[in-house]
Structure formats: structure tokens, C-alpha cells
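One structure below.
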Amino acid sequence: MSLASHLDELQRKHGDIEREITDAMNHPSVDDLEIACLKRRKLAIKDEIEKLKGKPTAH
């Protein structure tokens, strides 16, 4: 998998989790722990995206 396609996939997952968080926050039956878990996953993906963007590309 190329770096660009990997970044695209991570950004897609990041957006998916953002939508899950929004949906979860709109349903009072959803546990705060579940929302916190989703936020941690989203942050981990964001960190990975930033780490990969910061890598120099080999030419």
C-alpha cells in the first residue's frame, strides 16, 4: 500500500469515527465510556496521520 493510499484510508476512518461520535452523542442511551473510547481511537488515527505526513519521502 502506498503512503498516499494509506493516508487516504486513515482519513476515511477518522471521518467515520467522527460521524460515530456525533451519532453517539445524539443518543442519550450511549455510554460516556463508549464515546471516550471512540475519541481515543480518533485521536490515535489523527496521530498516525500526522506522523506519516511528517515522514520525508524517499526519492
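We did not get these values from a lab; they are worked out from the coordinates using the rules stated. Bear in mind the structure is a predicted one, so any value in this text is a computation, not a measurement. All Cβ positions, glycine included, derive from the backbone under ideal geometry; neighbour counts span all protein chains shown.
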Give me a comma-separated list of calculated 3J(HN,Hα) values for the stretch 5-15, in order, Karplus coefficients 6.51, -1.76, 1.60 applied at θ = phi - 60°, integers in Hz, x for any Gly or Pro. 5, 5, 5, 4, 5, 5, 5, 5, 4, 4, x
Check the chain and count each lysine pair with an alpha-carbon distance under 19 angstrom, considering only pairs eight or more places apart or from different chains. 9
Just one of (i) 11.0; (ii) 12.6; (iii) 15.4 is Kirkwood radius over Cα pairs in Å as worked out from the coordinates here. Which one is it? (ii)
For the chain, what does the helix formula give at 222 nm: sum of -39500 (n - 2.57) over DSSP H segments with n ≥ 4, over the residue count, nearest 500 deg cm²/dmol? -27500 deg cm²/dmol
Neighbour net charge for Glu9 - beta-carbon separation under 13 angstrom, K R +1, D E -1: -1
